1. Per residue of region 9-25, what does 6.51 cos²θ - 1.76 cosθ + 1.60 with θ = phi - 60° give for ³J(HN,Hα)? Whole Hz please, x for Gly and Pro, Karplus curve as stated.
2. Which value in deg cm²/dmol, rounded to the nearest 500, describes the helix-derived mean residue ellipticity at 222 nm for the chain, given -39,500 (n - 2.57) per DSSP H run of n ≥ 4 and division by the residue count?
3. Once R0 is set to 30 Å, what does the formula 1/(1 + (r/R0)^6) return for the Cβ-Cβ distance between Leu254 and Ala56, expressed as a FRET efficiency to the nearest 0.05?
4. Of all GluC sites (Glu not before Pro) in region 186-270, which ones are in loop regions per DSSP and have a Cβ with at most 15 other Cβ atoms within 10 Å?
5. Mind computing the radius of gyration and Dmax over the alpha-carbon atoms of region 200-245? Å is fine for both.
6. Given an 8 Å cut-off on Cα distances and at least 6 residues of separation, report the relative contact order of the chain as a percent.
7. My understanding is that a pair violates if its Cα-Cα distance is over 27 Å; which of Lys265/Lys301; Lys188/Lys265; Lys272/Lys303; Lys188/Lys303; Lys259/Lys303; Lys242/Lys301 do that in this structure?
8. Along the charge dipole of region 115-273, Cβ charges K/R +1 and D/E -1, which of Ile129, Leu222, Cys158 sits furthest on the positive end?
Amino acid sequence: DPQSGLNLVANLTQNLPSCNVLVVSNSQEGTLILQAMRNGAKEFLHSPLKLDDFLAALDRIHNSLILKSGDGEIRASQIITICGSSGGIGCTALAVNMACILAQNERNSVALMDLDFALGDADVWLDIIPDYTIQDVADNITRLDYSLLKRSLTQHDCGVYLLPRPVETETTSPITAEDLSRVIALLKATFTHLIIDVSKAYTALDIAAMEASDNILLATQLDLPSLRNVVRLTQFFDQDEKYADKLKIVVNRLGLENKQISINKALETIGKEVFWQIPNEYSTMVESRNNGVPLILESPKSKLTRSIKDLSHAVDGTKTTDADLKEETVTKKKSLFSFLSKP
């Protein structure tokens, strides 16, 4: 009943102005399409609905939205990929803790995806035993079932939704790059932030994740093998213009030992600007990992946590969370009237 459908579209857009209406119809009559758009429909899609058309429509709507936070800053959905210049560089620690920090902002909804199918351990860092994995989502991606998507994700107490790697270790990738792109598109349409922890193999799946990302954080340490790999990787990324503004170099575990290469020497070696430097607090990070508790809950006042928090806000384009603002206000008041408490 086209007329009833058109009336419903008009009522929805009038009574729920923040709701974006998509119309699906097996009719392609120009007058019907025009009337639906005049009544407020954002998209007119052909039935039977194709997944790629649906995701493309969601992406167009998403890009057209201007989501403003309480302090007036313009915010939109972001995909952040964490990659490393070698194994054991701290990429998973960075991905997990950035996701948990961003989730502290009540205006954010954050998902974390583990793409290291062989040795991924994001679930261990969060002390989560998931019922579903990325394989389950990929197998059912054509069903367009958002409830299935949410059931496939496991939520941590801090608010982060985890999509872990498959349980079985296989010699071949359990999903294709096309499947992964669809999963990422669906997550992007559902969450304000998607953090992706890729493998160190730089497979087709890892590259697909990077291509879909708004920011790529390349983590490294100040040792020669890691810095040499940074040079190789940046040369690879420099070959494609789409990575030009995405790639950001992050130095992890600064001050790990006295024999580390100096930051100035590192800059000469890699020939790139370092976006962020994270101090070494190995014992703090190990305790957080072994307890399965993110830094924001385990050691909220440590220098390491503060550095990763500031990095998260810098990448996100926001200054602080509501909790940070409250904490800073309390700190300022204490410092202003501290003389009253002195004997």
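The values are calculated or read from the model by the stated rules, or taken from the named source; none is laboratory data. Keep in mind that this is a model prediction, so the values were computed, not measured. We place every Cβ from the backbone using ideal geometry, glycine too, and count neighbours over all the protein chains shown. Quick note on the areas: whole protein, heavy atoms, side chains included, nothing else; ligands and nucleic acids left out. Shrake-Rupley method; radii C 1.70, N 1.55, O 1.52, S 1.80 Å.
1. The phi angles translate into 4, 5, 5, 4, 5, 7, 8, 10, x, 8, 8, 9, 9, 10, 9, 10, 8 Hz.
2. When only DSSP H runs of four or more count, the value is -13500 deg cm²/dmol.
3. 0.10
4. Numbers: sites: Glu211, Glu241, Glu257, Glu268; in loops: Glu257.
Loop-located and lightly packed - Glu257.
5. When restricted to Cα atoms, region 200-245 yields Rg and Dmax of 11.1, 30 Å.
6. Contact order relative to length: 18 percent.
7. Pairs exceeding the cut-off: Lys265/Lys301; Lys188/Lys265; Lys188/Lys303; Lys242/Lys301.
8. Leu222
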